[in-house]
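The values are calculated or read from the model by the stated rules, or taken from the named source; none is laboratory data. Keep in mind the model is a prediction, meaning the values are calculated, not measured. Backbone-built Cβ (ideal geometry, glycine too); neighbour counts: all protein chains shown.
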Amino acid sequence: MEPTTPQFVLMGQLRREYTILPSERVFLDVLAGNVLYAAVGVAIWEPEPHPALVARIGEDYPQSWLEEFGEQGFDLRGINILPNEVDVRSFAAYTSRKSRTDEDPVSHFSRLGVPFPKALLGYRSLSSQIDSKTNLSPTSLRQGDLIPAYTDATAAHICPMDFLTHSLIPAELRQAEFTTVTLDPAAGYMNPTFWSDVPSLVTGLTAFLPSEEELRYLFEGKSKDLWEMADALASYGCELIVIKRGEGGQLVLDAAAHKRWEVTAYPSKMVDPTGAGDAFCGGFLAGFRRTYDPLEAALHGNISASLVVEGSGPLYALDALPGLADARLESLRQSVRIL
């Protein structure tokens with residue numbers, strides 16, 4: 001049977017994750033990556049046709065992990081396996097529900113009295129590094145990574161990646177006649193150094209979905225008002241600005257309609273915050289294509305995130321009870337604030 005053409009394409013990164021949760025539970029070398037969580041965020045609402053993933057990995061990435069994800073029905077034809085090893089390790093330690101760091105893993109394992117994993121030797125934090133404006137990394141997506149089998153899709157989300165990837169891919173998607181393109185920026189360029197470069201990334205997007213922390217850093221010394229920041233970004237030619245605020249929910253701006261909403265986070269029982277923002281973006285994309293309503297899109301994303309954080313690993317949310325997502329969606333609608 002020929003694979004069906006996907007409706008949703010998620011573009012991002014696959015990782016080998018080392019995580020210390022708020023509960024101090026430790027996970028070593030497990031399947032992770034923003035593109036997986038974004039795809040699950042979509043699949044909670046739109047499991048058919050199967051969401052498609054685009055990413056680049058090395059030949060050393062565990063194939064059994066990909067097979068596990070493929071068995072869930074996800075379209076993995078867009079995963080480009082390079083003929084060499086590629087370092088895709090990532091580390092995160094949650095010292096509280098709201099505090100996360102990816103630096104100095106030795107101290108965090110020492111704090112817990114857990115032997116430092118040899119597989120993390122030589123690890124370097126990525127979040128503290130400023131992106132290059134000229135050099136691509138091995139996992140950076142290139143023009144051409146969007147395979148022909150995916151170009152009949154019409155909706156895509158671009159997960160946090162490097163500046164060059166984000167400067168190239170939206171134009172390729174528009175050329176392929178994608179009508180809905182959303183983008184979640186990365187900390188590597190959401191800083192004052194890239195102040196004059198960010199407008200070109202935002203132009204033409206359906207939705208730009210930064211976190212509050214990223215936005216405040218970008219606008220450092222220019223503004224402290226989140227709505228003022230959102231208005232400034234929308235003025236560059238982006239339909240929707242959504243500010244992700246973790247447990248604070250989201251702020252949603254529809255610039256063309258002159259509408260603003262504040263959405264509270266669904267009160268889920270958080271176990272593992274990993275991937276919450278990516279799942280939100282996937283749910284937002286699915287909700288927007290269902291309704292073409294930015295508020296409904298944000299509500300869908302909110303519920304996707306609420307299901308993902310109640311367990312560990314990207315696949316956990318797919319085992320939610322039937323009807324749970326819809327019940328949460330209806331409940332969350334009651335808490336929206338129109339501003």
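Some values worked out for this structure:
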{"quantity": "Count - residues of the stretch 114-155 that are at pLDDT below 90 and of a type in the set (A, V, I, L, M, F, W, C)", "calculated": "2"}
{"quantity": "Helices (runs of 4 or more DSSP H) contained entirely in the stretch 156-243, each with at least 1 residues that are farther than 26 Å from PRO138 by Cα and modelled with pLDDT of 95 or more", "calculated": "212-218, 226-234"}
{"quantity": "Residue among ILE81, ILE20, ILE44 that is without any contact (Cβ under 8 Å) to a residue 60 or more places away in the chain and aliphatic (A, V, I, L, M)", "calculated": "ILE81"}
{"quantity": "Residue among THR151, THR206 that is in contact (Cβ under 8 Å) with a residue 24 or more places away in the chain, closer than 28 Å to ASP293 by Cβ, buried (at least 16 other Cβ atoms within 10 Å of the Cβ) and under 18 Å from the mean Cα position of the chain (by Cα)", "calculated": "THR206"}
{"quantity": "Subset tally (residues that are of a type outside the set (A, V, I, L, M), part of a loop (DSSP other than H, G, I, E, B) and touching a Gly at 6+ places or on another chain (Cβ under 6 Å)) for the stretch 251-281", "calculated": "1"}
{"quantity": "Criterion: charged (D, E, K, R), touching a residue at least 40 places away in the same chain (Cβ under 8 Å) and surrounded by 23 or more Cβ atoms within 10 Å (Cβ to Cβ) - qualifying residue of ASP272, ASP278", "calculated": "ASP278"}
{"quantity": "Among the residues listed as GLY301, GLY313, the single one being among the small types (Gly, Ala, Ser), surrounded by 16 or more Cβ atoms within 10 Å (Cβ to Cβ), touching a residue at least 40 places away in the same chain (Cβ under 8 Å) and closer than 12 Å to GLY41 by Cβ", "calculated": "GLY301"}
{"quantity": "The stretch 19-45 - residue that is closer than 17 Å to ILE57 by Cα and over 11 Å from the mean Cα position of the chain (by Cα) and, of those, surrounded by the most Cβ atoms within 10 Å (Cβ to Cβ)", "calculated": "ALA32"}
{"quantity": "Qualifying position, being without any contact (Cβ under 8 Å) to a residue 60 or more places away in the chain and either under 18 Å from the mean Cα position of the chain (by Cα) or under 23 Å from PRO185 (Cβ atoms) (or both), among PHE69, PHE74", "calculated": "PHE74"}
{"quantity": "Conditions (1) touching a Lys or Arg at 6+ places or on another chain (Cβ under 9 Å); (2) part of a helix (DSSP H, G or I); number of the one not met by PHE284", "calculated": "(1)"}
{"quantity": "Failed condition for ALA298, given (1) farther than 19 Å from PRO273 by Cβ; (2) outside any loop (DSSP other than H, G, I, E, B)", "calculated": "(1)"}
{"quantity": "Per-region count, the stretch 8-51, residues aromatic (Phe, Trp, Tyr), under 18 Å from HIS300 (Cβ atoms) and part of a strand (DSSP E or B)", "calculated": "1"}
{"quantity": "Residue in the stretch 77-92 that is farthest from the chain's Cα centre (by Cα), counting only those that are among the hydrophobic types (A, V, I, L, M, F, W, C) and either buried (at least 17 other Cβ atoms within 10 Å of the Cβ) or not in a strand (DSSP E or B) (or both)", "calculated": "VAL86"}
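This table checks each residue for (1) modelled with pLDDT of 95 or more; (2) of a type outside the set (D, E, K, R).
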{"residue": "ALA297", "(1), (2)": "yes, yes"}
{"residue": "PRO314", "(1), (2)": "no, yes"}
{"residue": "ASP319", "(1), (2)": "no, no"}
{"residue": "GLN334", "(1), (2)": "no, yes"}
